[in-house]
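Inspection log for the structure reproduced underneath, given as structure tokens.
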Amino acid sequence: MAMLESIVVFTLLLLMLILIIILILFAFKPWRFFSSLFSFPSRSRSIKVEDVERPLVSDDVNHSQDQSNDLTRNYDLEGACYQSEALLRSPRNKGLVHKQRLPSASPHQGDSLVLEISDPSEDLLVGQTLKHPLATEHLIEALKLGRPENQNENSIQEFVPKVISDQRSCLSLEVVSGPSRGIRCSVQSTNPSRLPLTLGRVSPSDLLLKDAEVSGKHAMITWNSNKLKWELVDMGSLNGTLLNSQPINHPDSGSRQWGHPTELASGDTITLGTTSNIQVRILSQNECMVPFGVGMISDPMSLRRGGKKLPMEDVCYYQWPLPGIDQFGVFGICDGHGGVEAAKSASKILPEMLATILSDSVIRERVLSQHDASDVLKDAFLRAEASMNNYYEGCTATVLLVWANADENFYAQCANVGDSACLMNVGGKQIKMTEDHKISSYSERLRMEGMGEPLRDGETRLCGLNLARMLGDKFVKQQDSRFSSEPFISESVHINQTSGAFALLASDGFWDVVTAKKAIQLVAQEREKELMAESEKENLAEKIANVLLNEARTQRTKDNTSIIFLDFDSTSRRISCKVDDP
């Protein structure tokens, strides 16, 4: 009996011990530490790079990583991934920031997508997250598929006029805003004793700016004899240097390191600090001999939308004479949309096409005898459109062709697509040289009705664009046949030397806020002032261009603004490029 009682007591103690062990197991769950050894990774994992643990995200993001092999097919021109956008908007992904992948420690490790958790309050930006860092070669191939190879600027080099190796270039700078407004400085590329041209707040800077936000030695401009281009370099300034609203200084402003040289073009705007804007004028030796006054100026109007910086998408240009064509010159403005590349392409291709066409002596003599270049202008636009490969960018194009006859009288004829306009005034008579090609314009609605594809009531855009005619934009032209690149061609205008004639070309940023009547009034006022002053008449065209631009600023235009003013008045002709000798 005693033995039976002992067995019962032992059994009870054993059961109690087992129960206690079971309770301990449930409390501490030790199997969690062994499951990872015998099963696939579950909710999270980490990769070790140079002895640093970088946690990855949950299964949902792992799933998106598995899909990253297909990301190269989903990138648009800016690198944004459309098909993965739904994943990016998932609440689990909020706060994810893409990090550049470090080199893999093993060739068999494969591509990896490294993410880190940031402040949850930060927004996730499409195009900045879930990019495939290792698939560089595949991404390049994908971009080539999404955008033709010859989209880049190198593809149009064959259309760029050849630069003569010994050609002189004259650089002129004018401070158009800030404490030192009105100061000018000029130098020629053939005068090495005055190069480089320095910009700063203290002497011996060539362009001395009394602006507290400008560094003592802020920036300099050099002549690149290999590229035959003027280049701007930030000299490690504290407040940075902007070229057409884009920074060119070293990213680490506190390091005082110099930036990389950036090419300058005529019409560019250099900004030192926040208020000092400098207008750039570049003239070749031939352009210095234009037989009438020329004023050209541009402003991105970068602070007109609540402080938001606007990219400069206008390109204005002129060539006098056209290469090998002594009697002809071209003046033009291209206003880009979706980027500036189409405007740059058109501004290079159109003058080349005009020079090519007019190099035919039969065509040239026909223009001179008939005083009409309609066919030449139309053919130039047709060839330019065929040569441009801008699928997702487009631009307006307004071209004024000017030529002289044997009697030294001038003729002008204009062609345009888009809404950059040209106005002429001859003998007090106002002449509209262009046609507005907005979707809402009467002429465009009439044209579309004639095609049998009229616009619906209230429809003011096609494929998101408010223009019906432009150069480039090949993609939307494939989607909708109502888009066109056929230019409007004006009648030719005879310009007598004594008619007091002038021509005004401007992008829509100017015409949106200044009427033609007001523009003519401002020109007349400036001419009257010059007659009273009887000084510096060779700069009258430049002064008038500045006055017109200031009027657009006063009226608070909200768009890039470019102006070319041609003064055919014989009393204000340009003599030469004015250069200050040392």
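Within the range 262-276, take every residue that is more than 18 Å from the chain's Cα centre (by Cα) and of a type outside the set (V, I, T) and give me the one that is surrounded by the fewest Cβ atoms within 10 Å (Cβ to Cβ).
G273
Taken over the range 484-514, the criterion of being surrounded by 20 or more Cβ atoms within 10 Å (Cβ to Cβ) and under 23 Å from the mean Cα position of the chain (by Cα) is satisfied by S485, L505, A506, S507, D508, G509, F510, W511.
Put simply, of Q430, Q413 the only residue that is in contact with a Leu (Cβ under 9 Å, 6 or more places away or on another chain) and open to solvent by less than 10 Å² (accessible area, probe 1.4 Å) is Q413.
Restrict the check to the range 387-400 and report whether at least one residue is within 16 Å of Y411 (Cα to Cα) and either touching a residue at least 60 places away in the same chain (Cβ under 8 Å) or not polar (S, T, N, Q) (or both).
Restricting attention to the range 387-400, the residues satisfying the condition of being within 16 Å of Y411 (Cα to Cα) are 399-400.
Restricting the remaining residues to those that are either touching a residue at least 60 places away in the same chain (Cβ under 8 Å) or not polar (S, T, N, Q) (or both) gives 399-400.
Yes, because at least one residue in the range 387-400 is within 16 Å of Y411 (Cα to Cα) and either touching a residue at least 60 places away in the same chain (Cβ under 8 Å) or not polar (S, T, N, Q) (or both).
This table checks each residue for (1) modelled with pLDDT of 95 or more; (2) outside the structural domain of L322 (by the TED database); (3) in contact with a Phe, Trp or Tyr (Cβ under 9 Å, 6 or more places away or on another chain).
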{"residue": "L400", "(1), (2), (3)": "yes, no, yes"}
{"residue": "N409", "(1), (2), (3)": "no, no, no"}
{"residue": "N416", "(1), (2), (3)": "yes, no, yes"}
{"residue": "K429", "(1), (2), (3)": "no, no, no"}
{"residue": "H437", "(1), (2), (3)": "no, no, yes"}
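This table checks each residue for (1) crowded, with 22+ Cβ neighbours inside 10 Å; (2) under 22 Å from E435 (Cα atoms).
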| residue | (1), (2) |
| --- | --- |
| L350 | yes, yes |
| A355 | no, no |
| L368 | no, no |
| D372 | no, yes |
| K378 | no, yes |
| A384 | yes, yes |
| D407 | no, no |
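Could you say whether any residue in the range 530-543 is at positive phi and at pLDDT below 85? Reasoning before the result, please.
Applying the first criterion (at positive phi) to the range 530-543 yields 534, 536.
Narrowing the set further to residues that are at pLDDT below 85 leaves 534, 536.
Yes, because at least one residue in the range 530-543 is at positive phi and at pLDDT below 85.
Here D299 fulfils each of the conditions (1) open to solvent by 20 Å² or more (accessible area, probe 1.4 Å); (2) acidic (D, E); (3) within 27 Å of the chain's Cα centre (by Cα) apart from (1). Among the residues making up the range 428-456, those that are farther than 21 Å from T515 by Cβ and part of a loop (DSSP other than H, G, I, E, B) are I439, M451, G452, E453, P454, L455, R456.
Scanning the range 390-405 for residues that are open to solvent by 10 Å² or more (accessible area, probe 1.4 Å) and polar (S, T, N, Q) yields a single hit, N405.
Restricting the range 458-500 to residues that are among the hydroxyl-bearing types (S, T, Y) and in contact with a His (Cβ under 9 Å, 6 or more places away or on another chain), the residue that is farthest from V426 (Cα to Cα) is S484.
Hey, can you tell me all the residues within the range 333-346 that are surrounded by 24 or more Cβ atoms within 10 Å (Cβ to Cβ) and within 21 Å of P321 (Cα to Cα)?
Let us first name the residues in the range 333-346 that are surrounded by 24 or more Cβ atoms within 10 Å (Cβ to Cβ), namely 333-336, 342-343, 345-346.
Result: I333, C334, S345, A346.
Contact annotation: residue pairs with Cβ atoms under 8 Å, 6 or more positions apart or on different chains, pairing a residue in the range 435-456 that is under 14 Å from F483 (Cβ atoms) and open to solvent by less than 60 Å² (accessible area, probe 1.4 Å) with a partner that is at pLDDT 85 or above and among the aromatic types (F, W, Y), are H437/F488.
Given the residues P291, P247, which is the only one that is more than 30 Å from A501 (Cβ to Cβ) and either open to solvent by 20 Å² or more (accessible area, probe 1.4 Å) or within 25 Å of the chain's Cα centre (by Cα) (or both)? Spell out how you get there, then give the answer.
On the way: P291 fails: more than 30 Å from A501 (Cβ to Cβ).
The conditions single out P247.
The values are calculated or read from the model by the stated rules, or taken from the named source; none is laboratory data. Given the structure is predicted, the values throughout are model-derived calculations rather than measurements. Virtual Cβ from ideal backbone geometry, glycine too; neighbours counted across all protein chains shown. Accessible surface is based on the protein model in full, side chains and every heavy atom, while ligands, DNA and RNA are left aside. Shrake-Rupley method; radii C 1.70, N 1.55, O 1.52, S 1.80 Å.
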